[in-house]
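Participant: Quick one: the structure is below, questions incoming.
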Amino acid sequence: MTNTSAGPSSPASLATSLLESRSQADWDAKRNDPINIQLGDLDGYYHHHFAVTGFNRGILETQGDELEALILKEMHRLENEQVSIILDAMGDVSPEASVMDAGSGRGGTSYMIGNRFGCHVHGVNFCEHHVEFARDVGRERGWDERVRFHLANMIATPFDGQSMDFVVSNETTMYVELHEAFREFARVLRPGGRYIGVTWCANDQVAWKSPVIETINSHYVCEIHPRAVYFKALADNGLVPLKVANLTADTIPYWELRSHSRLATGIEKAFLEAHSTNALNYIVFVAERAPKG
C-alpha cells in the first residue's frame, strides 16, 4: 500500500480565486480518503471520480465482510470503466502525443491513459500530497517513464502554448472558474487538438441553485456550474464540440451501489436525488481546438 501518512505542511496557495483557495485547502486537508485509497489499493489506479453503467446486483445478496469486499471491487471496476469513456474519445493516439490531465488527483486517469497509449502524460494538480502520492505510485509500479505530475493550477499551467495534443478533465472543472480553465486548455492545445471533459453540472432548465445542488457544493467545497455555462465557455474559447453525451441515468446505479458500502460518506442520498430529478447532469464533452483565425 502506498504511504498515506501526513507529509509537510501545505505549500503556498496556487489559487487565483476564493473558490480555488477553499478547494485547495480542502484537498490539502484530505490525507486519508478511504473510499478512494482502499479502492485504488486493488490495482494502483487511485481515482477521485464517480462512475457510470450498471453493476452486478447479485453481490448484494452476500453478507458481512464478503459483501463489503465485493462492493469495493465492483465500485473500482466501474471507476476504471468510467475512464474508458475518456480513452475511447481520444481515438488514435500516437506514442509521441502529449496529454494534459487537468486536476489529476492521485493519478488514476493519467496512468490509465499512459498505460493504454504509451504517450506522454502531464498530470496537473494544486494539491501537493496528491502529486507526491501519484509520483510514488509511478515509481513503485514502473509507470513513471512517460507520465509526469506537476504541482500547478489547471488554469495557469507551466506548459508552452500549443504544446498538447489532448487535454482531459475528469470531474475536476467544478473546482475552478470555468472560462479561465477553458481559456488555458485552448492555449495549450495545438489547433485540431482534442479536449475531453467529464463532469457533473447543474441542469439550469430544471433547478439551478437548488438545495440539493448546494448540499453537494458544500460537501465537496466546489461550485457546480450550470450546463449552459459549459457550452458558452467552450464556444468563447474556440473549443468546438464534436460530441456531447448525457449519462445522467447511467450514473445512478453507481450511487445505489456506493450507498451499500461501509465507506459511504453520506453524500450518496443527495446525488441520487439530484440525478433522479434531473437537477444534476452527468455530461461528457468532446471538443476540438479550432484553428486560430
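Where a number appears in this text, it was derived from the coordinates with a stated rule and is not lab data. Not measured: the values here are computed from a predicted model. All Cβ positions, even for glycine, are placed from backbone atoms using ideal geometry, and neighbour counts span all protein chains on display.
Participant: With r defined as the distance between the Cβ atoms of Asn56 and Thr277 and R0 fixed at 25 Å, what FRET efficiency is calculated, to the nearest 0.05?
Facilitator: Rounded to the nearest 0.05, the efficiency is 0.40.
Participant: Could you give the length gained by full extension between Ala156 and Asp41, i.e. 0.36 nm per residue of separation minus their alpha carbon distance, to one decimal place?
Facilitator: Contour length minus the Cα-Cα distance gives 38.3 nm.
Participant: Additional query: Name the residue farthest towards the positive end of the dipole of the chain from the options Gly107, Leu14, Asn32, assuming +1 on Cβ of Lys and Arg, -1 on Cβ of Asp and Glu, about the Cα centre.
Facilitator: Of the options given, the answer is Leu14.
Participant: Which FRET efficiency value, to the nearest 0.05, is calculated for Asp92 and Ala25 with the Förster distance at 30 angstrom and r the Cβ-Cβ distance?
Facilitator: My answer for the efficiency is 0.15.
Participant: For labels at Ser259 and Gln205 in the simple 7 Å Cα→Cβ model, what's the distance in nm?
Facilitator: Roughly 2.7 nm, to one decimal.
Participant: Moving on. With unit charges on the beta carbons (Lys and Arg positive, Asp and Glu negative) and the dipole taken about the Cα centre of the chain, which residue among Met75, Asn203, Trp143 sits farthest to the positive side?
Facilitator: Of the listed residues, the answer is Asn203.
Participant: Only counting other Cβ atoms within 10 Å, I'd like Ile113, Ile155, Ile35 sorted with the fewest neighbours first.
Facilitator: Ile35, Ile155, Ile113
Participant: Right, something else. Looking at the stretch 26-289, what % of its DSSP beta bridges pair antiparallel, to the nearest 5?
Facilitator: Given both bridge residues lie in the stretch 26-289, the antiparallel proportion sits at roughly 45 percent.
Participant: Next question, about the same structure. Dipole of the chain, Cα-centred, from +1 at each Lys and Arg C-beta and -1 at each Asp and Glu C-beta, to the nearest 20 debye?
Facilitator: 580 debye
Participant: Compute, for the stretch 218-275, the length of the dipole vector about the Cα centre, with Cβ point charges of +1 (Lys, Arg) and -1 (Asp, Glu) only. Units Debye, rounded to 20.
Facilitator: 60 debye
Participant: Also, I was wondering about something else. Based only on other Cβ atoms within 10 Å, what is the fewest-to-most ordering of Ile283, Ile196?
Facilitator: Neighbour counts put them in this order, fewest first: Ile283, Ile196.
Participant: Under 8 Å for C-alpha pairs, at least 6 residues apart: give me the relative contact order for the chain, rounded to a whole percent.
Facilitator: Reported as a whole number, the value is 20 percent.
Participant: Any idea which of Val93, Phe133, Phe182 is furthest toward the positive side of the dipole for the chain, if Lys and Arg beta-carbons carry +1 and Asp and Glu beta-carbons -1?
Facilitator: Of Val93, Phe133, Phe182, it is Phe182.
Participant: Quick check on the stretch 26-289: take the gyration tensor over C-alpha atoms, sort the square-rooted eigenvalues as a ≥ b ≥ c, and tell me if it's rounded (a/c under 1.5), prolate or oblate.
Facilitator: oblate
Participant: Let me ask something else about it. Would you list which lysines come within 19 Å of Lys243, measuring only between C-alpha atoms, while excluding same-chain residues fewer than 8 positions from it?
Facilitator: Straight-distance partners of Lys243: Lys232.
Participant: Taking other Cβ within 10 Å of each residue's Cβ, how do Thr215, Thr172 sort, fewest first?
Facilitator: Thr215, Thr172
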